[in-house]
Each structure stands twice: as structure tokens, then as C-alpha cells.
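The values are calculated or read from the model by the stated rules, or taken from the named source; none is laboratory data. None of the values given here were measured: they were computed from a predicted structure. With ideal geometry, Cβ positions are generated from the backbone for all residues, glycine too; neighbour counts draw on all protein chains shown. Note: accessible area is taken over every heavy atom of the protein model, side chains too, but ligands, DNA and RNA are not part of it. Shrake-Rupley method; radii C 1.70, N 1.55, O 1.52, S 1.80 Å.
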Amino acid sequence: MIDASGHADHLCAYFIRRTILEQSKRAHVGHIGSALSIADIIAALYGEILDISDPDDPGRDRLILSKGHAALALYAALHGRGWIDDATLATFCGDASLLGVHPEHDLRGVDFSTGSLGHGLSIAAGAALAARLSGVARRTFAILSDAECDEGSTWEAVMFAAHHRLSSLIVVVDMNGQQALGYTKDVLSLAPLIDRWRAFGWDAVEVEGHDRAALTRAIGGFDTSSGSPHVVLARTTFGRGVSYMEGKIKWHYWPMSDDEYRQALAENEELGCEQRSSAL
Amino acid sequence: MRAAFVRALIELADRDPRVALLVGDLGYTVVEPFADAHPKRFFNVGVAEQNMVGVATGLAEGGFIPYTYSIATFAALRPYEFIRNGPILHRLPVRIVGVGGGFEYGAAGASHHALEDVAVMRAQPALTVIAPADHRQAETAFHALWDVPGPTYYRIGKDDNGVVDGLDGRFRVGRAEMVRDGMDALFVAMGPVSIEAQAAVDELGRAGRRCGLAIVASVSPPPVEDLAAELARRSLAITVEEHFVNGGLGSLVAEIIAERRLGCRLVRCGVRVPADGLTGGQRYLRELHGLTREALAATAVRELAA
């Protein structure tokens, strides 16, 4: 939020959640819970981890939001970085807008368009391979939903990345345990997910997904110059920060009423912002 | 055309370090020369065509020109949505190469017969779609289009010997290549079955029926002006394609006739019925669907008399 010198950290999860709430309310659209689920992950990535001084620099780290339906969290971060302005942000879901429910690469700061689940990891693997072939040290990040691990194509890419030891590839799986029509354990069991990634040859760690410092420490500890690709299984709460959304299937698609919106904003104020990692 | 493809690709890769080849565990005795010449830019991704296209998308975003290679059905249809949301949506120079369009994998059965690939690829306005008639034309096309900015689909045949007489390897993007000029009717042909169309035209010529023959390898962008000009001069057009008649070359010509308000009558030779479980060699399947030179000539005689 506001640090001791009075500066706002617009990349803290508090601001990202607030933008998600404001814009989804204004546009009267859903996917709120899925976006809130990754606010801390996005905050950690765009606040501290990603090496992107300029989104047009070919040598920048790449990020693909494979769970594209959480694009509002990404837009909030791009806004926080100053790459999209207030007026552009306010076009979210409007006509002739580059800011749809799912991200489009034509928007500055979005590396790849997504929206069809199970596609992102293979593109990320290709991006990591391109970096290796070019002799560039940049890293590639992909944020997957847990339910996206239902897709066979995800596992094609998991095998490929492990076989080619794409160590500069870092995946964060948002393990909120929910999908559109139910809980992942009821729809198509993923357990034991960490064992599955490890069995496929990945360096896998499980981290509290709302602990920005822990996320930053875990990712900062990865060897991205050699060895296996890396996956962070981030334990998250769907709808994080809004009590009536947390863990509720309804909030995959549902938009907020006026009363629900006021309550959500108030609860976000209470939750506030987690501090940056002091370890890095 | 497979040998022409690999030969062209090695030459392109020699010149340009961006060229890479990904195969979906197919291409035995075909792709090895590329792997030997450029081992660091050759990847057998395994039996995983969706990932092959996704990886190619990431490579292309990073500055490479990746070619993906498999049998046409697996190259085009299995990862179709990955092609759509990947290189097409991102406007990236991924080259999808599908080998064995039509009935080239005859006895392998319906799973291996690519009869709708041109239709689904042609539906994408941002995709260049190339279906060469013979290996010489294929080689010209590979050299002509290797560094265009957007994605390309190549539908190539297995035959590295047969040629369309008079084509002489000519290829121009967005153009049709005329190889016969007769005015009684216009044959319009796509892919290796063009050799049958050319033989039919020549047989008709010996019987006193003079037909034109336009070869369409640049399916998209389509040779609208060339075809419109040739169609306007004739009262009968016969399209020839080893493909379903819906959505492919026959549909393309029908669109031109309708949109240009031409008076030309159209007969579409191609596949009209779904697979029924019976299979056989390419020659047998061409006979079954009226795509041999004899059948095409008979069709022309019948329609000219109608």
C-alpha cells in the first residue's frame, strides 16, 4: 500500500485485488474469484521477480497467463507498472478495447494471447527453447490453473520441457482447487499433483500462494541456467480476500451486486497489502 | 515432394539460422538429412502434435522460423486450435507441413486420408495455404515463401518423380498457373491429382476436345483475378481435387463464379461421400471417387454434351 516514505506500491496484491474488483464491477463480468486467486502471485512476479524493464525489449523475461480468464489480475499489474494508463484500463470489456476477458498479445505488456486452456505451457516451452537456441539468459514464466492440468496437451508440454531440460522455464500452478462446475477433487482428481510433476522430471515445490515473500524466495532459489524446469504449486484460495467468494463455485462466473461490491472493497481494505520480500 | 521439402529446408537453414524443423515422430528416411545437417535445429517432439505447434509458436515469437512436419491429418487437424490460437492469432511465421494430402496413404485407412485440411485451413484469412501439384512446384514454393511474416500451411504429396507436363516448377503466390489453353472447358486442379487432370486434358485434346488447365497451388491467397479471367472466357469449369468437394478448390471456384457473376457452369470432381470402412490403394480410391484421368475425361465429355 503506502510505504514509510509515502509512496504507493501499485504492484502489491491489495492494489491488484482492488483493480480486479473495480473493473469487474464496472464491466459487470465474472471470473473474479479466479483473478483474486492469483493476485499475490502476480504481485510477486511483476513486483519483484520478472526482469522486464521494457515490455518491448526482446531480451525480457516472458510470461504467459495460460489461465487467461484471470486476465484482470494481469491488466492490474500492467497498470501498476505504468504500461497501460487509467483510460485504457477503463475500457475493459468495452467495445473496440484491447482488454477483453482473456488477454490479447496486441496489448502492450501481454506476451501471448490465451483463453483456451492447455495451450500456454507448450508455447512457454517453445519460448524457453528459443532463448536457449539464441544463447539468451531470459526466463519464461507460465501461470496455469490446477484444472488446466486436466488437459492432455499440458502433459505433452510437461514431458517436452523435462526431456529438453528447459531450466529457464518456471511454471506457477494456481492450486485453488476449483473449476467452472465444481471442485477439482470432485470433477477430475489431480492428486497427488506434486508427485505427478516430479515423476515427469520437474523440480517441484509447494508454496503458500498468498505469501508473496515465500513465492519470491522459492522462485529466486531456482537454478535457471541448468537442470530441470521448475514448477511452483501455489496453494491458493479461490476468491481470496472476499469472504463470500472464497471457495464458492458460483464466483467462477458471477458478477457482483452493488452491496456485494461494497463489502468486497471493504474487506480488501481490511486485508491490506503483504510486504515485499526482504530476502531479495 | 518430401525430398524436395527437405532439400529446400536444408538450403534455407544453411542461409538462415532462424530456420528450424520439428517433427511429430514421422518422416523416417525423409527428415534425417536435415537432422544431420542442422542437429541443433532439429527436434523430434514425439507423438504430440499439439505441443509441436505450441513449441513452434514460442520459437517463432523468439525470432525463429519453425517448420512442423507430420502426415497431413496429424499436422493440420489434431492441433488445429493450437494453429488458430498460436501462429495465426499471433501472426507468427510458423510453417505447418502436412504430407500426403488426399488418398496418398491409401491403405492406411480413413484416419490417414486428409480430405478436409484445405477447407479448414482456407477458412483462416491470415493463413497462407499452399498445395503444390508436383515436387518441382513445391520446391519453388518453399523458396518463395520461407520468410513471409505470417503462418503458412503446406499440403505436400509423397511423390518425388511425377510432374505436371508444362508446369515446369512455376509458382507465384496469389496466382494460378495455366498449363493448357483450350477453350471448350476449363479444368482447375490442385495438388498431385493435377497430373491426372493434365493427362485427362491431353486425352481430350487427342479426341478433338480442347480444354484449358489452371493449376492452383496458392489456395490462399487465392488466384481470384487469374481464375475469374479464365472462367469468364469459358462456359464450363471442372475442378479436380483429392479432397471433399465442400470447402476446398471446388468451393473456391464456386465463390469466384458467384461473386463475379460469371455465367460459367461448374462441375466439382472430388470426394462427396463419407468413409464407409472400405479402403485400398490411392489408385483404387481415385477410381472410386472419379479422380483418375479416364474418369475426369469421361466427366468432361458428358458435361460438354449436356
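Quick notes on this one:
- Surface share of carbon and sulfur [accessible, 1.4 angstrom probe, percent] for segment B:2-156: 54 percent
- Taking amide H positions as modeled 1.01 Å from N, with prolines and chain starts lacking one, the residues under 5 Å from B:Leu186 and 5 or more places away or on another chain are B:Gly212, B:Leu236, B:Ala237, B:Ile238.
- Overall, the anisotropy analysis places segment B:2-156 in the rounded class: the square-rooted eigenvalues a ≥ b ≥ c of its C-alpha gyration tensor yield a/c less than 1.5.
- Label zone at B:Ala144 (point 7 Å along Cα-to-Cβ), backbone N below 18 Å, segment B:1-41: B:1-2, B:4-6, B:8-9, B:12
- Average beta-carbon neighbours from other chains, 10 Å sphere, peptide A:115-122: 5
- Put simply, the amide H of B:Arg170, placed in the peptide plane, has no neighbours under 5 Å, leaving out anything fewer than 5 places away on its chain.
- Legend: translational diffusion of chain A by Stokes-Einstein, Rh = Kirkwood radius over C-alpha pairs, 20 °C, 1.002 mPa s; D = 115 µm²/s.
- Our coupling estimate for segment A:263-268, obtained by passing each phi through the Karplus curve with A = 6.51, B = -1.76, C = 1.60 and θ = phi - 60°, is 5, 4, 4, 5, 5, 5 Hz, Gly and Pro reported as x.
- Here each label is just a point 7 Å from Cα along the line to Cβ, and for A:Ser226 and B:Asp181 those points are 6.9 nm apart.
- Rounded if a/c under 1.5, otherwise prolate or oblate - segment B:177-305, Cα gyration tensor axes: oblate
- Within straight-line cross-link reach of A:Lys250, lysines at Cα separation under 21 Å, skipping those fewer than 8 residues along the same chain: A:Lys25, A:Lys67, A:Lys185
- Among B:Ala207, B:Ala123, B:Ala189, the residue with the largest mean-square fluctuation in a Gaussian network model of chain B, with springs joining Cα atoms closer than 10 Å, is B:Ala207.
- Put a dot 7 Å past the Cα of B:Asp165, heading toward its Cβ, do the same for A:Ser97, and the two dots end up 6.4 nm apart.
- With 0.36 nm allotted per residue and the present C-alpha distance subtracted, the B:Glu287-B:Asp14 stretch has 94.0 nm of extension available.
- Low-density loop positions, trypsin sites (Lys or Arg not before Pro), segment B:140-200 - DSSP coil, at most 15 other Cβ in 10 Å: B:Arg172
- In chain A, Cα pairs under 8 Å separated by at least six residues give a relative contact order of 24 percent.
- Karplus-derived 3J(HN,Hα), 6.51/-1.76/1.60, for each residue of segment A:233-240, Hz, glycine and proline x: 8, 9, 6, 10, 10, 4, x, 3
- Within the full protein context, the accessible area of A:Leu271 is estimated at about 70 Å² for a probe radius of 1.4 Å.
- Vicinal HN-Hα couplings computed from phi for segment A:149-155 (Karplus, 6.51 cos²θ - 1.76 cosθ + 1.60; Hz; Gly/Pro x): 6, 5, 6, x, 5, 4, 6
- Separation in nanometres of the label points that stand 7 Å from Cα toward Cβ, at A:Arg198 and A:Asp150: 2.7 nm
- Positive minus negative residues near B:Lys158 (Lys, Arg vs Asp, Glu; Cβ under 11 Å): -2
- For chain B, modelled as a GNM whose springs connect Cα atoms under 10 angstrom apart, the maximal fluctuation among B:Gly162, B:Gly250, B:Gly101 occurs at B:Gly162.
- Pairing chains A and B buries close to 2000 square angstrom of accessible surface in total, based on protein heavy atoms and a 1.4 angstrom probe.
- Euclidean distance of C-alpha centroids, segment B:153-195 and segment A:86-146, integer Å: 41 Å
- When the inverse distances between all different Cα atoms of segment B:94-141 are averaged and flipped, the Kirkwood radius reads 12.1 angstrom.
- With all pairs of separate Cα atoms included, segment B:111-261 yields a Kirkwood hydrodynamic radius of 15.4 Å.
- Scaled against the 2.2 N^0.38 Å expected of a compact globular protein of N residues, the Cα radius of gyration of segment A:70-207 reads 1.15.
- Normalised alpha carbon radius of gyration of chain B [divisor 2.2 N^0.38 Å]: 0.97
- Under the Debye formula (equal points on every Cα, no solvent term), log10 I(q)/I(0) of the protein assembly as shown at q = 0.09 Å⁻¹: -0.74
- Computed on chain B, with alpha-carbon pairs under 8 angstrom and 6+ residues apart, the relative contact order is 16 percent.
- Database remark: amide H of B:Asn44 closer than 5 angstrom to the amide H of B:Val23 (H placed geometrically; neighbours at sequence offset of 5 or more, or on other chains; Pro and chain starts carry no H).
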